[in-house]
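Chemist: First, the structure itself, so that you have it in front of you.
The values are calculated or read from the model by the stated rules, or taken from the named source; none is laboratory data. Quantities reported herein were computed from a predicted structural model and do not represent experimental measurements. Here Cβ is always computed from backbone atoms with ideal geometry, including for glycine, and neighbour counts include all displayed protein chains. Heads up: the accessible areas ignore ligands, DNA and RNA and are worked out on the full protein's heavy atoms, side chains in. Shrake-Rupley method; radii C 1.70, N 1.55, O 1.52, S 1.80 Å.
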Amino acid sequence: MSRRAALSNGELNDSQFYILAALVVPRHGYAVMQLLMDVPDQITHVGPATLYTTLHQLVEAGLLERCASEGVSKVYVITQEGRRRLVNEIARKQAMVEFAQRAMEGRTHHE
Amino acid sequence: MNEPNLRYEPRQGVAFDETSDMHRLSTLAAEGWRLIGFKGLRYVLEPAPPEQLIFALDYMYEPDEEYIALSRASGWERVVTMDGLIHVFRAAPGTPTMFSTTESQQKLQRVHRRLLVPVIVSTVVTVLVWWAMVQWGQPWRAQREPQWLLLVGTLGMFGAVVAVQTLFVYTFMPWLAYRLRGWRGPGQVVLSSMRIVIPLVTVVAFLWLMVW
């Protein structure tokens, strides 16, 4: 299974989702990590090994691009394709949450 | 040759389960032994002031400096690297994991893919060597060569068999270990039995081939 194939099912895993969202503006890897550490109530911890791997995966899949280097740290930013995937994923996650919330409140979709 | 003042600690085999190895390294660090490298299938440690440390292992083929810099920035210092692929990191107790809470299997997928070609190559070589022995070994023995030549030939063939079987075991077994990971109960039994079954089958098959 290639890395591209791992991403091509349309869903982004939690780390990919957070990292793409953090790179709507250009940032270097360390800045992404700091930003993710500051997310309140964050359930998903993204460690350095996962961050490094995921950055490379997303670049390879064409969802991120490297736009500069600051010493050993490279600067990444989301691509148009990455933005499209992020928007889809936000909509998908929103629909999931709304469904679950309605269910918890005892309301069904058809009411 | 082993250096004096150094300690050599056998590796359990990180392909099967690295957590026990990493706990062992923590215990050794607390006892005043610092990891400085690998030698074959052993960890090399030197005397050092006792430290409370935790260890982690990652597979990443020839990563660039960004990998090390990101790890360091989050409290993980690389200690040693083996074959440009296996990296051991250390950190203070309580440092958040190097991985993520949900995608810890990523590193296994990476190394699993890297092992596939060596597994195929070693399997083909193993089959070829056995095939060649069956094909030519028997007629050659039947020619009633001088005793010493027969002995040398037999030892040579045995050496070749041991070499290919070793290659096979060291590529196939880790590959199998990754395949069976997550299928822990039965998977571990299969793995443990393979450790005995493969050498046993090799020796029996060889003896059978020579005597038959």
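Chemist: Can you tell me how many residues within segment B:41-60 are within 29 Å of B:TYR170 (Cα to Cα), surrounded by fewer than 17 Cβ atoms within 10 Å (Cβ to Cβ) and either among the aliphatic types (A, V, I, L, M) or within 11 Å of chain A (Cβ to nearest Cβ) (or both)?
Modeler: Adding up the residues that qualify gives 1.
Chemist: Taking the conditions exactly as written (facing chain A (nearest Cβ under 10 Å), surrounded by fewer than 19 Cβ atoms within 10 Å (Cβ to Cβ), within 12 Å of A:ALA49 (Cα to Cα) and out of contact with any Pro (no Cβ under 6 Å at 6 or more places or on another chain)), does B:PRO63 satisfy them or not?
Modeler: no
Chemist: Go through the residues of segment A:63-80 one by one and say whether even a single one is part of a helix (DSSP H, G or I), at pLDDT 90 or above, more than 27 Å from B:ALA69 (Cβ to Cβ) and not aromatic (Phe, Trp, Tyr).
Modeler: For segment A:63-80, residues part of a helix (DSSP H, G or I), at pLDDT 90 or above, more than 27 Å from B:ALA69 (Cβ to Cβ) and not aromatic (Phe, Trp, Tyr): present.
Chemist: Let me ask something additional. Find the helices (runs of 4 or more DSSP H) located wholly in segment B:98-197 whose residues include 3 or more that are more than 14 Å from chain A (Cβ to nearest Cβ), at pLDDT below 75 and open to solvent by 60 Å² or more (accessible area, probe 1.4 Å), and list them.
Modeler: B:138-142, B:147-180
Chemist: Right, another one. Got a number for residues in segment A:39-65 being open to solvent by 10 Å² or more (accessible area, probe 1.4 Å) and more than 10 Å from every other protein chain (Cβ to nearest Cβ)?
Modeler: Number of matching residues: 8.
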